[in-house]
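Colleague: Below are the structure tokens for one structure; questions will follow.
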Amino acid sequence: MSALSFRRLRWLIPLSALPVIALLAYGFRVDPRAIPSPLVDRPAPGFTLPRLDTGEPLSLADLDGRVVVVNFWASWCYPACYEEAPVLEDGWRRWKERGVAFVGINMQDTDERAREFMHRFSFTFPNLADRDGRTVIDYGVYGVPETFFIDREGRVARKIVGGVTAEALEETLRALTRG
Amino acid sequence: MRSLAASLLAVMVLAAPAPALAFAAEPAPARPGSAASPAPTEAEARRVREISAQLRCVVCQALSVADSPSTTAQQMRALVLEQVRAGKSDEEILAYFVSRYGDWVLLAPPPRGFNLLAWGLPFVGIGIGVVAVVLAARRWVRNGRAARASSAASGAPSAEADGTAPLPAREEPGARPRSAARDRLAEELARLRP
């Protein structure tokens, strides 16, 4: 290649920045926390776990035919779990007569601290202890809090990463209980 | 300009092998996993290590499940051990984790679709780099020869002769008038030389 033709091609050099700019433009637009769950629209993994209050086992299968809100939480998850706890208890009280079940699953915690947390927020819906993390991994949970909405057919309809707001809870449950 | 292109190349090559963004979650208090099952044999432990080294620790920054001390990783290793004992193949165990967390959980993205970019770009980058280096080297050799030829023709003190090479002769002879500053520098350097 002669020097002349090299110079003629020089205008191409800035073009090499294009892929980098494209990659950055893509990277800064996507929310790194919005990792899609492969479980959405698939059957919810079953579980049988002991209740923290009574020690009795509760299965997802026991709640068959109902819309189920499954919330993963921990007492060390501050502030997000502390912010959403009243929203969940309030939602449970308003929706329990309308065919919606709420289940809390406590993870990577001590039973004692978990019970303190339940007492602090006057939880009346069942909360279970996942001591070996099997259900946590079955649901592909990254961190707490995460909330799964299971429809009447037992499929995962929606997953919310981070604290649940009253608006998101209302909107999702209204959509799932319609019809 | 050339250094700009070179640094862009470097950025592309460095960025390519990191296709997924790291993700941080809440730290977990360390706690030993469930110790209900008997200790793994050496062969079992090796397989657990091999499989969990391919899995991304979901609560860490750029750590595998094999390397992370977090509770989540411990529980994942316990689950891998359980599936190893149940006679599952490596592929089946990895597929279980993918079905829960998506391809994201694999440290090496499967080479298909968009992911091929991550596998191919480093080699494309290296290829472009090699071509650029060859072209640049040929140019330097040619310019060096031209400079020697011109200094020999003009009878000026030869830079190459005493091996000090004070000035790189970038321009081809007669292509452009040499700048006054460069001429003066050359003169002064020549004066310093015995």
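The values are calculated or read from the model by the stated rules, or taken from the named source; none is laboratory data. The structure displayed is predicted, hence computed values, not measured ones. Positions of Cβ are backbone-derived with ideal geometry, glycine not excepted, and every protein chain shown enters the neighbour counts.
Colleague: I need every pair where a residue in region B:121-139 that is facing chain A (nearest Cβ under 10 Å) has its Cβ under 7 Å from the Cβ of a residue that is exposed (fewer than 13 other Cβ atoms within 10 Å of the Cβ), sequence separation at least 6 or different chains.
Modeller: Within 7 Å, the pairs are B:135/A:1.
Colleague: Step by step: first the residues of region B:68-88, then only those that are surrounded by 14 or more Cβ atoms within 10 Å (Cβ to Cβ) and in a loop (DSSP other than H, G, I, E, B), then the one that is farthest from the other protein chains (Cβ to nearest Cβ). Which residue is that?
Modeller: So the residue we want is B:88.
Colleague: Only one of these is at pLDDT 95 or above, surrounded by fewer than 21 Cβ atoms within 10 Å (Cβ to Cβ) and within 23 Å of residue A:40 (Cα to Cα): A:90, A:138. Name it.
Modeller: Residue meeting the stated conditions: A:138.
Colleague: Separate question: Which residues, taken from region A:47-69, are within 18 Å of residue A:124 (Cα to Cα) and within 14 Å of chain B (Cβ to nearest Cβ)?
Modeller: Scanning region A:47-69 gives A:49, A:50.
Colleague: Just to confirm my filter: which strands (runs of 3 or more DSSP E) fall fully inside region A:126-179 and include at least 1 residues that are within 30 Å of residue B:37 (Cα to Cα) and in contact (Cβ under 8 Å) with a residue 60 or more places away in the chain?
Modeller: Once the strands (runs of 3 or more DSSP E) in region A:126-179 are filtered for at least 1 residues that are within 30 Å of residue B:37 (Cα to Cα) and in contact (Cβ under 8 Å) with a residue 60 or more places away in the chain, what remains is A:127-130, A:146-150.
Colleague: Would it be correct to say that residue B:59 is among the β-branched types (Val, Ile, Thr), under 23 Å from residue A:129 (Cβ atoms) and modelled with pLDDT of 95 or more?
Modeller: Criteria not met by residue B:59.
Colleague: What's the number of the condition residue A:8 fails, among (1) within 13 Å of another protein chain (Cβ to nearest Cβ); (2) of a type in the set (D, E, K, R); (3) under 30 Å from residue B:143 (Cβ atoms)?
Modeller: Of the numbered conditions (1) within 13 Å of another protein chain (Cβ to nearest Cβ); (2) of a type in the set (D, E, K, R); (3) under 30 Å from residue B:143 (Cβ atoms), the odd one out for residue A:8 is (1).
Colleague: Given the condition farther than 30 Å from residue B:124 by Cα, touching a Ser or Thr at 6+ places or on another chain (Cβ under 8 Å), of a type in the set (Gly, Ala, Ser) and in a helix (DSSP H, G or I), answer yes or no: does some residue in region A:86-95 qualify?
Modeller: No; the residues of region A:86-95 include none that is farther than 30 Å from residue B:124 by Cα, touching a Ser or Thr at 6+ places or on another chain (Cβ under 8 Å), of a type in the set (Gly, Ala, Ser) and in a helix (DSSP H, G or I).
Colleague: Follow-up question, since we're still on this one. How about region A:48-79: which of its residues are farther than 24 Å from residue A:173 by Cα and among the polar types (S, T, N, Q)?
Modeller: Of everything in region A:48-79, those that are farther than 24 Å from residue A:173 by Cα and among the polar types (S, T, N, Q) turn out to be A:54, A:75.
Colleague: Going residue by residue through region A:27-34, is there one that turns out to be within 11 Å of another protein chain (Cβ to nearest Cβ) and either under 16 Å from residue A:117 (Cα atoms) or touching a residue at least 60 places away in the same chain (Cβ under 8 Å) (or both)?
Modeller: Scanning region A:27-34 turns up at least one residue that is within 11 Å of another protein chain (Cβ to nearest Cβ) and either under 16 Å from residue A:117 (Cα atoms) or touching a residue at least 60 places away in the same chain (Cβ under 8 Å) (or both).
Colleague: Condition check: among the small types (Gly, Ala, Ser), more than 20 Å from residue A:61 (Cβ to Cβ) and either free of Cβ contacts under 8 Å to residues at least 12 places away in the same chain or surrounded by 15 or more Cβ atoms within 10 Å (Cβ to Cβ) (or both). Does residue A:114 satisfy that?
Modeller: yes
Colleague: Quick test of your reading of the structure: residue A:73 fulfils all but one of (1) touching a Pro at 6+ places or on another chain (Cβ under 7 Å); (2) within 14 Å of another protein chain (Cβ to nearest Cβ); (3) more than 18 Å from residue A:138 (Cβ to Cβ). Name the failing condition by number.
Modeller: The single condition residue A:73 does not satisfy is (3).
Colleague: Here's another thing I want to ask about it. When residues of region B:100-114 are filtered for being farther than 18 Å from residue B:57 by Cβ and part of a helix (DSSP H, G or I), how many remain?
Modeller: 2
Let's see how each residue does on (1) surrounded by 13 or more Cβ atoms within 10 Å (Cβ to Cβ); (2) among the basic types (Lys, Arg); (3) closer than 25 Å to residue A:37 by Cα; (4) away from chain A (no Cβ under 11 Å):
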position: B:37; (1), (2), (3), (4): no, no, no, no
position: B:90; (1), (2), (3), (4): yes, no, yes, yes
position: B:98; (1), (2), (3), (4): yes, no, yes, no
position: B:117; (1), (2), (3), (4): yes, no, yes, no
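Colleague: Within region B:56-67, is even one residue touching a Ser or Thr at 6+ places or on another chain (Cβ under 9 Å), part of a helix (DSSP H, G or I) and among the basic types (Lys, Arg)?
Modeller: Checking region B:56-67: not a single residue is touching a Ser or Thr at 6+ places or on another chain (Cβ under 9 Å), part of a helix (DSSP H, G or I) and among the basic types (Lys, Arg).
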